[in-house]
(Lines give C-alpha, C1' and ligand atoms only; values in the text may rest on other atoms or scores of the structure.)
Protein backbone atom coordinates (compact mmCIF):
# COMPACT_ATOMS: atom_id res chain seq x y z
CA UNK A 1 0.00 0.00 0.00
CA UNK A 2 1.41 3.38 -0.98
CA UNK A 3 1.70 6.39 1.29
CA UNK A 4 -1.07 8.08 -0.71
CA UNK A 5 -3.38 5.09 -0.18
CA UNK A 6 -2.72 5.19 3.56
CA UNK A 7 -3.49 8.91 3.71
CA UNK A 8 -6.61 8.35 1.58
CA UNK A 9 -7.88 5.67 3.98
CA UNK A 10 -7.18 7.95 6.94
CA UNK A 11 -9.06 10.79 5.22
CA UNK A 12 -12.05 8.48 4.76
CA UNK A 13 -12.07 7.75 8.49
CA UNK A 14 -11.59 11.44 9.29
CA UNK A 15 -14.49 12.40 7.02
CA UNK A 16 -16.81 10.29 9.14
CA UNK A 17 -15.71 12.16 12.28
CA UNK A 18 -16.05 15.75 11.05
CA UNK A 19 -17.36 18.18 13.69
CA UNK A 20 -20.31 19.08 11.46
CA UNK A 21 -21.83 17.63 8.32
CA UNK A 22 -20.67 19.45 5.17
CA UNK A 23 -23.28 21.07 2.94
CA UNK A 24 -24.63 19.17 -0.06
CA UNK A 25 -22.21 20.74 -2.56
CA UNK A 26 -19.24 19.74 -0.43
CA UNK A 27 -20.66 16.23 0.03
CA UNK A 28 -20.94 15.89 -3.75
CA UNK A 29 -17.30 16.97 -4.16
CA UNK A 30 -16.20 14.41 -1.59
CA UNK A 31 -18.28 11.74 -3.30
CA UNK A 32 -16.96 12.56 -6.76
CA UNK A 33 -13.29 12.54 -5.70
CA UNK A 34 -13.83 9.30 -3.77
CA UNK A 35 -15.49 7.55 -6.72
CA UNK A 36 -12.91 8.81 -9.22
CA UNK A 37 -10.10 7.75 -6.91
CA UNK A 38 -11.50 4.28 -6.28
CA UNK A 39 -13.36 3.37 -9.48
CA UNK A 40 -12.05 5.68 -12.20
CA UNK A 41 -14.29 7.36 -14.76
CA UNK A 42 -18.05 7.31 -14.27
CA UNK A 43 -19.74 4.15 -15.48
CA UNK A 44 -23.23 2.78 -15.79
CA UNK A 45 -26.37 4.52 -16.90
CA UNK A 46 -27.35 7.90 -15.57
CA UNK A 47 -30.19 7.57 -13.03
CA UNK A 48 -33.69 8.55 -14.05
CA UNK A 49 -34.95 12.12 -13.91
CA UNK A 50 -36.87 11.67 -10.65
CA UNK A 51 -33.87 10.21 -8.81
CA UNK A 52 -32.59 13.66 -7.87
CA UNK A 53 -29.87 12.44 -5.50
CA UNK A 54 -28.68 9.76 -7.93
CA UNK A 55 -28.51 12.26 -10.79
CA UNK A 56 -26.59 14.78 -8.67
CA UNK A 57 -24.06 12.12 -7.64
CA UNK A 58 -23.69 10.84 -11.20
CA UNK A 59 -23.15 14.33 -12.61
CA UNK A 60 -20.65 15.27 -9.89
CA UNK A 61 -18.63 12.11 -10.61
CA UNK A 62 -18.93 12.69 -14.35
CA UNK A 63 -17.18 16.07 -13.94
CA UNK A 64 -14.04 14.23 -12.79
CA UNK A 65 -13.83 12.15 -16.00
CA UNK A 66 -10.23 11.73 -17.08
CA UNK A 67 -8.78 12.71 -13.70
CA UNK A 68 -6.10 10.23 -12.61
CA UNK A 69 -6.96 8.21 -9.49
CA UNK A 70 -3.92 9.56 -7.64
CA UNK A 71 -5.00 13.16 -8.25
CA UNK A 72 -8.57 12.41 -7.15
CA UNK A 73 -7.32 10.78 -3.94
CA UNK A 74 -5.05 13.75 -3.22
CA UNK A 75 -7.91 16.22 -3.76
CA UNK A 76 -10.15 14.13 -1.47
CA UNK A 77 -7.47 14.23 1.25
CA UNK A 78 -7.03 17.99 0.85
CA UNK A 79 -10.79 18.57 0.99
CA UNK A 80 -11.20 16.54 4.16
CA UNK A 81 -8.24 18.37 5.71
CA UNK A 82 -9.85 21.73 4.90
CA UNK A 83 -13.14 20.60 6.46
CA UNK A 84 -11.41 19.55 9.65
CA UNK A 85 -10.28 23.14 10.14
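The values are calculated or read from the model by the stated rules, or taken from the named source; none is laboratory data. These numbers were taken from a predicted model, which means no experiment stands behind them. Note that we place each Cβ from the backbone using ideal geometry, even for glycine, and neighbour counts take in every protein chain shown.
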### Query
Can you find even one residue in the range 33-41 that is at positive phi, without any contact (Cβ under 8 Å) to a residue 60 or more places away in the chain and either surrounded by fewer than 15 Cβ atoms within 10 Å (Cβ to Cβ) or part of a helix (DSSP H, G or I) (or both)?
no
### Task
Among what's in the range 17-32 and is assigned to a helix (DSSP H, G or I) and surrounded by 13 or more Cβ atoms within 10 Å (Cβ to Cβ), pick the residue that is farthest from the chain's Cα centre (by Cα).
26
### Task
Answer with yes or no whether residue 17 is touching a residue at least 24 places away in the same chain (Cβ under 8 Å) and within 24 Å of residue 2 (Cα to Cα).
no
### Summary
If you go through 65, 46, 57, the only one that is in contact (Cβ under 8 Å) with a residue 24 or more places away in the chain and in a loop (DSSP other than H, G, I, E, B) is 65
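Residues 14, 5: which one is farther than 19 Å from residue 83 by Cβ and either in a loop (DSSP other than H, G, I, E, B) or modelled with pLDDT of 95 or more (or both)?
None of the others qualify; the one that does is 5.
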